[in-house]
1. Got a number for residues in the range 85-116 being touching a Lys or Arg at 6+ places or on another chain (Cβ under 7 Å), within 22 Å of residue 162 (Cβ to Cβ) and assigned to a helix (DSSP H, G or I)?
2. If you check residue 139 against the conditions, is it at pLDDT 90 or above and farther than 18 Å from residue 18 by Cα?
3. In the range 52-92, what residues are of a type in the set (Asp, Glu), in contact (Cβ under 8 Å) with a residue 40 or more places away in the chain and over 11 Å from residue 103 (Cβ atoms)?
4. Could you list all residues from the range 200-225 that are outside any loop (DSSP other than H, G, I, E, B), over 16 Å from residue 84 (Cα atoms) and not aromatic (Phe, Trp, Tyr)?
5. List pairs: first in the range 207-229 and closer than 13 Å to residue 165 by Cα and touching a residue at least 40 places away in the same chain (Cβ under 8 Å), second part of a loop (DSSP other than H, G, I, E, B) and open to solvent by 40 Å² or more (accessible area, probe 1.4 Å), Cβ under 6 Å, 6+ apart or cross-chain?
6. Taking the range 173-199 as the search range and keeping residues that are hydrophobic (A, V, I, L, M, F, W, C) and open to solvent by 10 Å² or more (accessible area, probe 1.4 Å), which one is nearest to residue 42 (Cα to Cα)?
7. Within the range 136-144, is even one residue open to solvent by 30 Å² or more (accessible area, probe 1.4 Å), of a type in the set (Val, Ile, Thr) and not in a helix (DSSP H, G or I)?
8. Within the range 61-106, track down each residue that is β-branched (Val, Ile, Thr) and open to solvent by 20 Å² or more (accessible area, probe 1.4 Å).
Amino acid sequence: MKKLTPAGADGQLFLGFGDPRLDILSRDLPAGERGTSTAPIPEAAREVETIARIVGPRSSAVFIGADALESRAKAEAPRFRIVHLATHGVLDDANPMYSRLLLSRRNGDGEDGVLEAREMLDFHLRADLVVLSACDTARGGVHAGEGLIGMSWALFAAGSPSVIASQWRVGSARTETLMTTFYRRWMKEPHAPFSKARALRAARLALLHDPDYRHPYYWSPFVLIGSAD
């Protein structure tokens, strides 16, 4: 079985950020959602740690809590084949390029902990896939001749052929289950035809077949945009 090839000679494959420490002001949502909130999301930390074990810990880098810095995401993202951001997401309907992910910040590093879509344009990615494991990350504004402008569009412009993102607010616990199931399926046959699409389908069906999570709210928020392979 052919494995996914790291991005460079240093063997960098999976980069994960989860459950950043947030000290910025925002409107609170109930705990357990990955939306506009500063509430901790421990499921997101477990999510990226589990995925790193699935992909291979020797070729993975995971940053959690205070280490999940915006400055680190900008510096590290171009070096990896898979970039996974499990945090809170904020949709800006009026200015989609200001839709954003919330990450940690450190005094003196020049960043505010708010990773906006317009900043993602400068990532210079070599990634095969970017996963935005947060709320509303597949949404944006529709513009004639351009289509949907938002976070996924910015990541395509930055060089990623595939993005997995959400269409609405997502429950954190079910997102953890869906994401880890997706990676287990994908890593079995990463180079098979339609490998990403087939793995996401399998993960969604696993939730659909659970009697407690048959409603589409739980199993269908995340979509694969771009290349299915």
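The values are calculated or read from the model by the stated rules, or taken from the named source; none is laboratory data. Because the structure is predicted, anything quoted here is derived from the model rather than measured. Every residue, glycine among them, receives a Cβ derived from its backbone with ideal geometry; neighbour counts consider all protein chains shown. Side chains are part of the model used for accessible areas, which takes the heavy atoms of the whole protein and leaves out ligands, DNA and RNA. Shrake-Rupley method; radii C 1.70, N 1.55, O 1.52, S 1.80 Å.
1. Selection size over the range 85-116: 1.
2. Working: at pLDDT 90 or above: no; farther than 18 Å from residue 18 by Cα: yes.
Taking the combined requirement at face value, the residue does not satisfy it.
3. First, pick out the residues of the range 52-92 that are of a type in the set (Asp, Glu): 67, 70, 76, 92.
Those still in the list that are in contact (Cβ under 8 Å) with a residue 40 or more places away in the chain too: 70, 76.
Matches in the range 52-92: 76 only.
4. Of everything in the range 200-225, those that are outside any loop (DSSP other than H, G, I, E, B), over 16 Å from residue 84 (Cα atoms) and not aromatic (Phe, Trp, Tyr) turn out to be 201, 202, 203, 204, 205, 206, 207, 208, 211, 212, 216.
5. 221/167; 221/168; 226/161
6. The initial filter retains those residues of the range 173-199 that are hydrophobic (A, V, I, L, M, F, W, C), namely 173, 178-179, 182, 186-187, 192, 194, 197, 199.
Checking the rest, the ones that are also open to solvent by 10 Å² or more (accessible area, probe 1.4 Å) come to 173, 187, 192, 194, 197.
Details: 173: 9, 187: 24, 192: 33, 194: 31, 197: 27 Å.
So the residue we want is 173.
7. Residues of the range 136-144 that are open to solvent by 30 Å² or more (accessible area, probe 1.4 Å), as a first pass: 139, 142-144.
Then drop every residue that is not of a type in the set (Val, Ile, Thr), which leaves 142.
Those left that are additionally not in a helix (DSSP H, G or I): 142.
Within the range 136-144 (the criterion being open to solvent by 30 Å² or more (accessible area, probe 1.4 Å), of a type in the set (Val, Ile, Thr) and not in a helix (DSSP H, G or I)), the answer is yes, since at least one residue qualifies.
8. If we filter the range 61-106 for residues that are β-branched (Val, Ile, Thr), which is where we start, we get 62, 64, 82-83, 87, 90.
Of everything in the range 61-106, those that are β-branched (Val, Ile, Thr) and open to solvent by 20 Å² or more (accessible area, probe 1.4 Å) turn out to be 62, 64.
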